[in-house]
Amino acid sequence: MVKGGANFSSEELVRVLSHYDIGIVHRVQQLPVGNRRAPKVIVTADKGTFLLKRRPKGRDDLEKVGFAHAVQKHLAARSFPVTSLLATMDDGGTALNMDNHIYEFFRYVEGTRYDGSLEATREAGRQLAVFHKDLADFQGKDEPSPLCFHDAALVRRHLKLLSSDKRTEAARRMRAVAEELLLRYDKSSVRVNQLGFRSWKRQVVHGDWHPGNLLFGGNQVVAVVDFDSIRYAPAVTDLANGMLQFSIVGDRPDPTQWSAHFDRSRLFEFFYGYQEVTRLSERKRYGLIDMMIETMIAEAVLPVAATGFFGYHSGQAFLEMILRKTKWLRRNRRELREVMMA
């Protein structure tokens, strides 16, 4: 069982697996990774080893799932490392809609998690650029949510919501942090817009390119997983998010003890890996640090405003850590830019 998360019932598993031609099932093992609201199990059967996933509520729109599957098939046809989707025996579809849930079934890929090495970091950046290149000509009939972390009204609404309560000392502390984050978010959004963001080509992006969504064999990416967040946006937004995710330093359980700095070496290696495949314009390179600030604030504030927490962490403590890290990026922006502009 996945502690604190959603799980499959035995009856549910029997019913779902009966829709697939995999032979006799020998073993089912919980896989406690990723979104805790999206249960996953490894299924060992006569015809191989597979991964079953139930889409979480809020990410279970059948049309959007179909769009994600079309993207994965497009990538697979170009030999990009994605996991193979299995079709049902009923209608040959790759999304099983049963009892108000959507299920996805994949061939299981053996791989190791990101080890933090510079080689693996550079490979992660390079594969993101290949991902964008392979999808540059993708034409889907159904567009997923256009939501992007850049200059988003939703992000501002949530920051203002956190600023609205001043009845207690804790609420006043939260208000002060949220107001400062909003100021920094607005300034970064303005700077990126001045660089011409609205004229940059939109295409399918992954939306969640972080270490937990890549599987490695040695220092090579063998599978990219979790297409729940794909959307249309300028490809550089994915790069900014990837640079953030692969360089952020959070080496202690308590975010109040996280240092403010980022790992410069991993930040640059991810960027250089991307540049091996796709050379960015000067304007896009110039805006990367501000987009990192935007995405870091956006990803933190939405769950905190909704629940008061970020995962298991106190929302107050987590946002204070985010503020420290935005200040570090702001202080070091010129130096970081100079390296990337060279």
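A short reminder: the numbers here are calculations on the coordinates, not readings from a lab. Since the model is a prediction, treat every value here as computed from it, not as a measurement. Here the Cβ is made from the backbone with ideal geometry for all residues, glycine too, and neighbour counts use every protein chain on show.
Of the residues 259, 247, 199, the one that moves most in a GNM of the chain with alpha-carbon contacts below 10 Å is 199. Counting only DSSP beta bridges with both residues in the chain, what percent are antiparallel, rounded to the nearest 5? Antiparallel bridges make up about 95 percent of those DSSP assigns within the chain. Taking the Cα centre of the chain as origin and assigning +1 to Lys and Arg Cβ atoms and -1 to Asp and Glu Cβ atoms, the resulting dipole is close to 1300 debye. Exposure proxy for 174, 340, 292, 89: other Cβ atoms within 10 Å of each Cβ, ordered fewest to most, give 89, 340, 174, 292. Each Lys and Arg Cβ is given +1 and each Asp and Glu Cβ -1; about its Cα centre, the stretch 1-111 then shows a dipole of about 520 debye. The slack in the chain from residue 190 to residue 257, taken as 0.36 nm per residue of separation less the alpha-carbon distance, amounts to 21.0 nm. The charge dipole of the stretch 125-199, taken about the Cα centre with unit charges on the Cβ atoms of Lys, Arg (+1) and Asp, Glu (-1), comes to about 420 debye, rounded to the nearest 20.
Along the axis of the charge dipole computed for the stretch 100-234 (Cβ charges of +1 for Lys and Arg, -1 for Asp and Glu, origin at the Cα centre), the listed residues 197, 139, 225 are led at the positive end by 197. List residues of the stretch 92-124, by number, whose backbone nitrogen lies under 19 Å from a label position 7 Å along Cα→C-beta of residue 77. The answer is 92-95. Farthest toward the positive end of the dipole of the chain, out of 161, 65, 100, is the Cα of 161, where the dipole comes from beta carbon charges about the Cα centre.
In this structure, the pairs whose alpha-carbon distance is over 28 Å, taken from 57/160; 40/73; 160/325; 40/201, are 40/201. Note that the stretch 118-341, at 37 °C in a medium of 0.692 mPa s, gets a Stokes-Einstein diffusion coefficient of 182 µm²/s from its Kirkwood radius over C-alpha pairs.
When 185, 312, 272 are sorted by how many other C-beta atoms sit within 10 angstrom of their C-beta, beginning with the fewest, the order is 312, 272, 185. Neighbour counts of C-beta atoms inside 10 Å place 328, 258, 209 in the sequence 328, 258, 209, starting with the fewest. What FRET efficiency would be calculated for the residue pair residue 91, residue 10, taking the C-beta separation as r and a Förster radius of 30 Å, to the nearest 0.05? With a Förster radius of 30 Å, E is 0.75. Taking amide hydrogens as placed 1.01 Å from N in the peptide plane, the amide H of residue 51 sits under 5 Å from those of 43, 106, 107, 108, each at least 5 positions away in sequence or on another chain.
Summary value for the chain: 17 percent relative contact order, contacts being C-alpha pairs under 8 angstrom separated by 6+ residues. If R0 is taken as 25 Å, the Cβ-Cβ distance between residue 324 and residue 118 corresponds to a FRET efficiency of 0.50.
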